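The values are calculated or read from the model by the stated rules, or taken from the named source; none is laboratory data. Everything numeric in this text was worked out from a predicted model, so none of it was measured. Every residue, glycine as well, gets a Cβ built from its backbone with ideal geometry; the counts of neighbours run over all protein chains shown.
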Amino acid sequence: MTMGAFIFDSHALLKLFQKEKGYEKVVQLLEEIQKTGAVKYLNAINLGEIIYTTKKDFGDQKKLEVLASIERLNFRILPILNELIFQAAEYKAEYSISYADCFALASAVEHKAVIVTGDPEFKKVEHLAEIHWI
């Protein structure tokens, strides 16, 4: 696998932090990325999704632990600029995937990054960005 840039969607990171089935694939990929020095992106919308899901399911303490892990893993958090909002809205209208997934897709296209996910919704847009399935 070429080690360029990767954008993680919330599905992949929630799987990791909650140690759900298959989380080892995420750990392995993160280790490979660290060895090569590839860039790891997470956009602010997907970060928000991780925060609210973790808080809702596990409370504030786990939410803080997850935020610390994201920082420790050196993710570059991408801001949500108007251009990205407009592109995500176009993807939402055309492909009918979740709005948060549209932000991951738009960020991946903009940064020529591989999307890291296990979310089957991304099957609808595999022709737009490379996907690393976990």
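Observations
- A count restricted to the stretch 94-132 and to residues that are surrounded by 20 or more Cβ atoms within 10 Å (Cβ to Cβ), β-branched (Val, Ile, Thr) and part of a helix (DSSP H, G or I) stands at 1.
- Looking only at residues in the stretch 66-82 that are assigned to a helix (DSSP H, G or I) and touching a residue at least 24 places away in the same chain (Cβ under 8 Å), the one that is farthest from residue 6 (Cα to Cα) is 66.
- Candidates 41, 91, 52, filtered to the one that is assigned to a helix (DSSP H, G or I), buried (at least 18 other Cβ atoms within 10 Å of the Cβ) and either at pLDDT 95 or above or out of contact with any Asp or Glu (no Cβ under 8 Å at 6 or more places or on another chain) (or both): 91
- Of the residues making up the stretch 22-67, those that are β-branched (Val, Ile, Thr) and within 18 Å of residue 104 (Cα to Cα) are 26, 39, 45, 50, 51, 53.
- Residue selected from the stretch 14-38 under the condition exposed (fewer than 13 other Cβ atoms within 10 Å of the Cβ) and among the basic types (Lys, Arg), by the criterion farthest from the chain's Cα centre (by Cα): 35
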